[in-house]
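Read the structure below first, then the notes.
The values are calculated or read from the model by the stated rules, or taken from the named source; none is laboratory data. What you see is a predicted model; the values in this text were computed from it and never measured. Cβ atoms come from the backbone with ideal geometry, glycine included; neighbour counts cover every protein chain shown. The protein model used for the area step is the full one, side chains on, heavy atoms only, and it has no ligands, DNA or RNA in it. Shrake-Rupley method; radii C 1.70, N 1.55, O 1.52, S 1.80 Å.
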Amino acid sequence: MKKLRAERWGYDFNENPAPPPTLRQTQMALAKEGKKVLALAPGDPPAAGYPPPQWLMDAVTQAMKDGRHGYRDTRTPDLPIGIAKFEKEFSGVDYQPSDIFPVPSSTSAMVLCYLSLLDEGDEIISPEPIYQQYSFFANYFKCKMVKTESFEDDRWQPDLDAIRKAVTDKTKFIIINNPNNPSGAVYDDKTLKGLIDIAGENEIMIFSDEIYTFLTFDVPQATSVAKLAKDVPVMLSNGMSKLFNITGWGVGYLAFHDPADKMPELRKAIGLLRGYCGRVSSPVAVAAGYGYQNWKRAMEDVQPEVKDIRRRRDWTVKRIEEIEGVNMTTPEGSMFGLPDCVSAHGKVWKDDVDFLVQLMKEELINFVPGSNYYSPGHFRVGFLSSDENLEIGFNKLEKFLKRHT
Ligand SMILES: Cc1ncc(COP(=O)(O)O)c(C=O)c1O
């Protein structure tokens, strides 16, 4: 048999940290016995009952009625114009439409960045916790993901000294996710400026995944690193999945911020490769252009959901304080938090996966292990879970911990 491309590249599927087979196997075995597991770390707003705005759905129907079915419509100029308007008005970054590269998701924007920048053997630095897809693709491209520690006690801000030390002549970029999935960290301006300094000193880039930029609880919004980067090139990914509650429609973009025009060749490469990362379907692209032109309306529409998420965040922070054996740094944004379960480690469970497998078997609830995000000893909780499910889940967790520790 001929080898798979991935095998030829030496890609080690076992290194893909997600999802850990033991948890998946446990869930499948329980399903065979007719037992349903309650998932407590969801990240899909429509599946959690938050629909897209009606006016956006109407815009798709209208685009179809208007016959916007062609290749040309997938490249409608209204989409980059709308996104540039959103970025300018919301993030305060002065993008031109030509800086915006629409692709079918923010994940595709990350692939586009990797495709256009990486050579085999390159290194990418990311402060923990690391959204798993960043490392998956680094692996696939035979590049090294270099993890640096973050200060959990200081709102999960990255350790800038560690990042500075981690830079080598192979480093291509630093990748961040702000606000962060799964820690809920929102990086403050001091941190972002520190990252920009490191990138500037070493002539490397920053890739910033800002899919949760609108979802902050204690500050009005997260600062886009591009707003502070005067001459360091930044690639930013974002998309409509979370702000517009359309995770399944497939609209994302890469925004290239290079005000000093340091990397004109890279801009060309992104433009060429973008076409190979798929296209946004034509009626959706047309409606998305309209959606971004009206981003303030979307922001108003999503407020009840943001309020729900914030209420559940507050509830979870309080509830975790009552439970012995778990602690959580208060998440400031995104829809997740990352409690630790370290204190029970070594005594009862080998690691976070072992802990969660046992919890699933005994209590039929499931969280996502922190080791999926290179932060072992933790687990991800999601505030899209309903109030009722969170209450059931944390009661079960408390019972479980009391029984074992
Ligand atoms: C940090 C992060 N980046 C990217 C994505 C995916 O976004 P998209 O639907 O645009 O691919 C997610 C989805 O959960 C995410 O949590």
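Anything in region 124-146 that is within 16 Å of the ligand (Cβ to nearest atom), open to solvent by 20 Å² or more (accessible area, probe 1.4 Å) and either under 15 Å from ASN180 (Cβ atoms) or β-branched (Val, Ile, Thr) (or both)? List them, or say none.
Of region 124-146, the ones within 16 Å of the ligand (Cβ to nearest atom) are 124, 126-138, 145.
If we keep only those that are open to solvent by 20 Å² or more (accessible area, probe 1.4 Å) too, we end up with 131-133, 136-137, 145.
Across region 124-146, the qualifying residues are TYR131, GLN132, GLN133.
For region 343-363, check the following and say yes or no: at least one residue is in contact with a strand residue (DSSP E or B) (Cβ under 9 Å, 6 or more places away or on another chain), assigned by TED's automatic domain parsing to the domain that holds LEU40 and open to solvent by 60 Å² or more (accessible area, probe 1.4 Å).
Within region 343-363, not a single residue is in contact with a strand residue (DSSP E or B) (Cβ under 9 Å, 6 or more places away or on another chain), assigned by TED's automatic domain parsing to the domain that holds LEU40 and open to solvent by 60 Å² or more (accessible area, probe 1.4 Å).
Please name all residue pairs, on different chains or six or more residues apart, with Cβ atoms under 9 Å, provided the first residue is in region 207-221 and is free of Cβ contacts under 8 Å to residues at least 12 places away in the same chain and outside any loop (DSSP other than H, G, I, E, B) and the second residue is open to solvent by 10 Å² or more (accessible area, probe 1.4 Å) and within 16 Å of the ligand (Cβ to nearest atom).
Correct list of pairs: empty, since none qualify.
Look at ASP58 and say whether it is part of a loop (DSSP other than H, G, I, E, B), under 22 Å from GLY239 (Cβ atoms), at pLDDT 95 or above and open to solvent by 20 Å² or more (accessible area, probe 1.4 Å).
no
Might you check whether a residue that is under 26 Å from GLY271 (Cβ atoms), touching a helix residue (DSSP H, G or I) at 6+ places or on another chain (Cβ under 7 Å), within 16 Å of the ligand (Cβ to nearest atom) and open to solvent by less than 10 Å² (accessible area, probe 1.4 Å) occurs anywhere in region 190-207?
yes
Check ASP231 against each of (1) open to solvent by 10 Å² or more (accessible area, probe 1.4 Å); (2) away from the ligand (no atom under 16 Å from the Cβ); (3) closer than 21 Å to LYS88 by Cα; (4) at pLDDT 95 or above and name the one condition it does not meet.
Failed condition: (4).
Would you pick out the residues in region 164-185 that are in contact (Cβ under 8 Å) with a residue 40 or more places away in the chain, open to solvent by 10 Å² or more (accessible area, probe 1.4 Å) and in a loop (DSSP other than H, G, I, E, B)?
VAL167, THR168, LYS170
Residue check: is GLU152 open to solvent by less than 20 Å² (accessible area, probe 1.4 Å), in the same structural domain as ARG274 (by TED's automatic domain parsing) and acidic (Asp, Glu)?
Working: open to solvent by less than 20 Å² (accessible area, probe 1.4 Å): no; in the same structural domain as ARG274 (by TED's automatic domain parsing): yes; acidic (Asp, Glu): yes.
Criteria not met by GLU152.
Kindly provide the set of residues from region 212-228 that are more than 30 Å from PRO264 (Cβ to Cβ), away from the ligand (no atom under 11 Å from the Cβ) and either crowded, with 24+ Cβ neighbours inside 10 Å or of a type in the set (Phe, Trp, Tyr) (or both), ordered by number.
PHE214, PHE217
Just for region 234-282: of the residues that are assigned to a helix (DSSP H, G or I) and within 16 Å of the ligand (Cβ to nearest atom), which one is surrounded by the fewest Cβ atoms within 10 Å (Cβ to Cβ)?
Per the stated criteria, the residue is ARG274.
Looking only at region 31-54, filter to residues that are part of a helix (DSSP H, G or I) and within 14 Å of the ligand (Cβ to nearest atom); which one of those is surrounded by the fewest Cβ atoms within 10 Å (Cβ to Cβ)?
ALA47
Checking GLY121 against (1) on the phi < 0 side of the Ramachandran plot; (2) open to solvent by 20 Å² or more (accessible area, probe 1.4 Å); (3) over 22 Å from the mean Cα position of the chain (by Cα), which single condition isn't satisfied?
With (1) on the phi < 0 side of the Ramachandran plot; (2) open to solvent by 20 Å² or more (accessible area, probe 1.4 Å); (3) over 22 Å from the mean Cα position of the chain (by Cα) applied to GLY121, the lone miss is (1).
Could you please give the count of residues in region 71-107 that are in a loop (DSSP other than H, G, I, E, B), open to solvent by 30 Å² or more (accessible area, probe 1.4 Å) and farther than 28 Å from ASN181 by Cα?
3
Test VAL357 against the stated conditions and say whether it is under 24 Å from the mean Cα position of the chain (by Cα), β-branched (Val, Ile, Thr) and part of a helix (DSSP H, G or I).
No: the conditions fail for VAL357.
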